[in-house]
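The values are calculated or read from the model by the stated rules, or taken from the named source; none is laboratory data. In this text, all values refer to a predicted model and were calculated from it rather than measured experimentally. Reconstructed Cβ throughout: ideal geometry from the backbone, glycine too, with neighbour counts over all protein chains shown. These area figures cover heavy atoms from the full protein model, side chains too; ligands, DNA and RNA do not enter into them. Shrake-Rupley method; radii C 1.70, N 1.55, O 1.52, S 1.80 Å.
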Amino acid sequence: MELKNLRQTLAAQALKRQMERAIKAESAPFKPPAMDAGRTARQARERFEAMPQYQQIKIMQVGGDKLGVASPFFRVHEGIAGATTRIGGRAYINYSSYNYLGMSGDPLVSARAKEAIDQYGTSASASRAVAGERPIHRQLERALADFYEAEDCVVFVSGYATNVAAVSYLFGPGDLIVHDELAHNSIAQGAQLSGAKRLIFPHNDWNALDALLRRARREYRHALIAIEGIYSMDGDLPDLERFVEVKTRHEAFLMVDEAHSLGVLGRTGRGIREHTGVPPGAIDLWMGTLSKTLAGCGGFIAGCQPMVEMLRASAPGFMYSVGIPPALAAASLAALERLQAEPERIAALQTHGKLFLDAARAAGLNTGASAGYSVIPVITGSSLKAVHWSNALFEQGINVQPIFYPAVEEKTARLRFFICSTHQPEQIEHTIKIMAQLAQ
């Protein structure tokens, strides 16, 4: 057994080195081939399989085969996925769903979506500015604006595109965008596309941000600070009050991505502002997604009326994209109303998150900096171990996904658990028991 483990460890290290080379090749500047380059070298420029991105995929596939590790990804769920799911005809305890409050599959939410299909069909069928506007769109936006105590709100068809479109449109050359090093890729992509100067500060370190802005702020016209309400990999929270102080001191805009904190934090689910007691108007851009707590698909930006009007009138990611399907808008509106009418769902989620976090730590599992709400990692410290544990749990009727290199550093490879209000204490206790056995 020890020899087998040694071989697997050596193979995993070799795989990591191959991945590092492929990633380096992907980011390397292009060098034109020599004039006398052979036909094979010239043809490689016309073949997708010669691209470094594809080589990364093949390295992972070949490496998995050599290590005897089955891929845990793209498993097909056969029904509603929440605290439980069905895969291959078998029931599983499920920790790979953003269905935090059980709204996806809720009878009232589903009924409202079906009513919208009967009235509007299955698609907005055009950009909202052209011919895709429906009453349900503005009803949802008005409800979200009221929820955030903001002047207005605009809904985009994709959560990822919301960050990309808003950040890249509102800021540009001559501006400064600074974001947390663990901010979502969509924020980083929006910053890169904007043409603004992009700087990164250490995770949740408002002191470092303050120092960075003292050095750089005066060189730029507008400045944006982008952080998250709950970070999607680690499940930890920023000290929002301190970030507000920094943004005020340096005359910057502050954007908070609430993808994983809306409906999760605060007694009534109003997110990190309710959790921390920071006034909603202290944040300039509230961003959120509709695909998690709100049981739909898409994203939104809430804030002052001029900012929202600019996005609605001119942001390419809104103007040149189809409107969110009316059925999904109706589902998210119903979920938002249900969230406000049933705060016991939020209380249940918070109770279950604390139970999982406390039990995991008591069992000696490394949960990192997680605050114990919607996202709780169990750090394995090895990509190979993360995949092995995921597959072992799957055999025991527990579905949870691994996160490993290059998505995170090798030493922070992990299993990422998403907690739902509909999880039961006995499911959590059973999961931790199996995890503790794997860790021995």
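Worth pointing out:
- For the chain, a simple Cβ point-charge model (Lys and Arg +1, Asp and Glu -1, everything else neutral) yields a dipole of about 1460 debye relative to the Cα centre.
- Relative contact order [Cα under 8 Å, 6+ residues apart], the range 41-171, whole percent: 8 percent
- DSSP finds beta bridges in the chain, and of those with both partners inside it, around 55 percent are antiparallel.
- What the range 103-157 shows is 47 Å² of accessible area per residue, with the surface traced by a 1.4 Å probe over protein heavy atoms.
- Karplus-derived HN-Hα couplings along the range 215-232 (A = 6.51, B = -1.76, C = 1.60, θ = phi - 60°), whole Hz, x at Gly and Pro: 7, 10, 4, 5, 7, 10, 6, 9, 9, 10, 10, 10, 9, 10, x, 10, 7, 6
- Here the Karplus relation 6.51 cos²θ - 1.76 cosθ + 1.60, evaluated at θ = phi - 60°, turns the backbone of the range 72-82 into coupling constants of x, 9, 6, 5, 8, 8, 9, x, 5, 9, x Hz, with x for every Gly and Pro.
- Note, ³J(HN,Hα) from phi for the range 51-62, Karplus 6.51, -1.76, 1.60, rounded to Hz, x at Gly and Pro: 6, x, 4, 5, 4, 4, 4, 5, 4, 5, 5, 5
- The smallest convex shape that holds all Cα atoms of the chain, its convex hull, gives 180 Å³ per residue.
- The mean sequence separation of alpha-carbon pairs under 8 Å and at least six residues apart, normalised by the residue count of the chain, gives a relative contact order of 20 percent.
- Förster-model FRET efficiency, 30 Å R0, residue 181 and residue 248, C-beta, rounded to 0.05: 0.85
- Highest to lowest packing among 290-301, 330-341, scored as the average C-beta count within 10 Å: 290-301, 330-341
- Entry note, the range 222-313: relative contact order of 23 percent, from Cα contacts under 8 Å with a spacing of 6+ residues.
- 30 Å Cα-Cα threshold exceeded, pairs from 247/292; 197/354; 247/385; 58/197; 114/354: 197/354; 247/385; 58/197; 114/354
- Accessible area of the chain belonging to carbon and sulfur atoms, whole % at 1.4 Å probe: 54 percent
- Centroid-to-centroid separation of the range 171-246 and the range 344-358 [C-alpha atoms, Å]: 30 Å
- For the range 225-267, a crude dipole built from +1 on the beta carbon of Lys and Arg and -1 on the beta carbon of Asp and Glu, taken about the Cα centre, is about 140 debye to the nearest 20.
- Max-minus-min Cα coordinates of the range 262-321 on each principal axis give 38, 27, 10 Å, with the largest extent listed first.
- Amide proton proximity set for residue 224, modelled H, under 5 Å, gap of 5+: 176, 177, 178, 253
- Given in Å, the Rg to one decimal and the Dmax to the nearest whole number for the Cα atoms of the range 314-425 are 18.3, 53.
- Convex hull volume of the range 255-377 per residue (C-alpha atoms, cubic angstrom): 123 Å³
- Positive-end residue, the chain charge dipole about Cα centroid, Cβ charges, pick of 393, 81, 263: 393
- Convex hull volume per residue, computed on the Cα atoms of the range 97-241, equals 152 Å³.
- With all pairs of different C-alpha atoms in the average, the Kirkwood value for the hydrodynamic radius of the range 207-315 is 14.8 Å.
- Over the range 161-255, the fraction of Cα-Cα pairs per 5 Å bin, rounded to whole percents and listed from the shortest bin up, is 3, 15, 28, 26, 20, 8, 1.
- For the range 329-371, the solvent-accessible area of protein heavy atoms averages 38 Å² per residue (probe radius 1.4 Å; ligands and nucleic acids excluded).
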